[in-house]
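Presented below is the structure to which this report refers.
Since every read-out is calculated from the coordinates, none of them should be taken as a lab result. From a predicted model like this one, the values you see are computed outputs, not experimental measurements. In this analysis, Cβ positions are derived from the backbone assuming ideal geometry, glycine residues included, and neighbour counts consider all displayed protein chains.
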Amino acid sequence: MGTAVVTHELGDTAHAWNQLARRSGTPFVTHEWLGCWWRAFGEGEPMWLSLRGDNGALEAGAFLERGARGVTSAANVHSGDWDAVARDDNARTELWEALGELDENCIRLLGIPEQGGAADAAEAALQKAGYRIVRENRPPSPSLQLPATWEGLIHTVSRNLRSNWGRRQRGLERAGTVAFRTVTRPGEMAVALDAFLELEASGWKGKAGTAILSDLRTQRLYRDFAQVAAARGWLRLHLLELDGQLIAGDYAVSFEGTEFLLKTAFSEPHEQLSPGLVLRGRVLQAAIKEGLDYYDFLGGPERYKLSWASQLRPRVRISAYRGAALPRYAYRSRLHPVLRSSIGPIARLARDRVRRLRAGSRR
């Protein structure tokens, strides 16, 4: 059995934390992302829950926020994942048990991956500690297992997508000089990031107030993380240009064999040229060339993602409460308002594709 420790700072265990984070395969549990997220959105008391072995080595950990309503995972709509980091399943279970022993009135764990039993382990540990559990499915994220070659990918997608991508690619080339480039180095990042953020804010996201530049906290998160991600070699700013003008771009990171799409944008005046579709093909080509194993679209099952995806990655929200009756806010969704309003139409449009992908995942 390890020893559970709660601190307000990660301290000198940041390297050990990231060693465990690599096992999870997601950048959203690294101390870099969590630190950037906290500086942007943290409001309560930071809580690094760590499980230490007999020799003091870090066995498992989770970063949470203690507030007026209890303890919540340090995550929100910008977090592609949230989970504990752990040496193995036993250490993870011990960590969840230690969380239950803190005897908080309410514990909310947002965005835990369902695959691999992570969510089941957390739920079982909290139930054992006497909590009443509400478990909610969150929108699954489409992802794609990358083949060794672009030809191996493009011939697995639908005939319509394959034809449309080629036609749009040729149409864009007829419209002018097309350039695709990927910015990874810290010295080139600032200018490229500014251009991407301006493009994202120029369309409907800017008008709706959901663009990165629309909120100072969101802007801080993505600017700060771009700096540290570039320094670690994770950043991938993909830029598609027509006659020197940026018409589509991705803010992505490459981490442990997977590329994660955090944000994407395209020029709405060029919409008839389908720059977003052309960009997606170019990005996937680059990921294959880099030798990556997976591409994770993050977010919900939107149509443009499902047309490329080969599987869905489900997540759940676990809310644990003390007492005989659940509080009034137990079932309230904390999804971003724009996501909340769009889930219905997205679900209706994507239902058949989601069912096919889920059926494929079970085979």
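Could you tell me how far the Cα centroid of region 65-84 sits from the Cα centroid of region 243-310, in Å?
27
Express the C-alpha Rg of the chain as a ratio against the empirical globular expectation 2.2 N^0.38 Å, rounded to two decimals.
1.02
To the nearest 10 degrees, how steeply does helix 14-24 sit against the main Cα axis of the chain, on a 0 to 90 scale?
For 14-24 against the chain, the angle is about 70 degrees.
So how strong a dipole does the chain carry about its Cα centre when Lys and Arg Cβ are +1 and Asp and Glu Cβ are -1, to the nearest 20 debye?
1720
Once the piece of chain linking Asn164 and Arg39 is laid out straight, how much longer is it, given 0.36 nm per residue of separation minus the C-alpha distance between them?
40.7 nm is the gain from fully extending Asn164 to Arg39.
Scan the chain and hand back the longest stretch that contains none of the GluC sites (Glu not before Pro) lying in DSSP loops with at most 13 other Cβ atoms within 10 Å.
Between exposed loop sites, the widest span is 102-363.
How are the alpha carbon pair distances in region 121-278 distributed across 5 Å bins from zero to the largest one, expressed in percent?
1, 8, 13, 16, 17, 16, 12, 7, 4, 3, 2, 1, 0, 0
For region 197-202, what does the Karplus curve 6.51 cos²θ - 1.76 cosθ + 1.60, with θ = phi - 60°, yield as ³J(HN,Hα) per residue in whole Hz, taken in order and with x for Gly and Pro?
Once rounded to whole Hz, the list reads 5, 5, 5, 4, 7, 7.
Does anyone have the angle between helix 337-362 and the longest principal axis of the chain? Alpha-carbon axes, 0 to 90°, nearest 10?
Taking the Cα atoms of the chain, the angle to 337-362 is about 90 degrees.
Enumerate the calculated ³J(HN,Hα) couplings along region 67-72 in order (Karplus 6.51 cos²θ - 1.76 cosθ + 1.60, θ = phi - 60°), each rounded to whole Hz, writing x wherever the residue is Gly or Pro.
The phi angles translate into x, 5, 9, x, 10, 10 Hz.
Helix 31-41 versus the longest principal axis of the chain: what is the Cα-based angle in degrees, 0 to 90, to the nearest 10?
The helix 31-41 is inclined about 90 degrees to the chain.
Given Ala122, Ala60, Pro140, which one lies farthest toward the positive end of the charge dipole of region 55-141, if we put +1 on the Cβ of every Lys and Arg and -1 on the Cβ of every Asp and Glu?
Final value for the positive-end residue is Pro140.
How much length, in nm to one decimal, is gained on full extension between Asp293 and Glu256, taken as 0.36 nm per residue of separation minus their Cα-Cα distance?
12.4 nm
5 Å is the cut-off here: which amide hydrogens, built 1.01 Å from N in the peptide plane, fall below it relative to Leu235, excluding neighbours closer than 5 in sequence?
Ala230, Ser254
Along each principal axis of its Cα atoms, how long is region 102-167 end to end? Whole angstroms, biggest number first, please.
For region 102-167, the Cα extents along the three principal axes come out at 59, 21, 14 Å.
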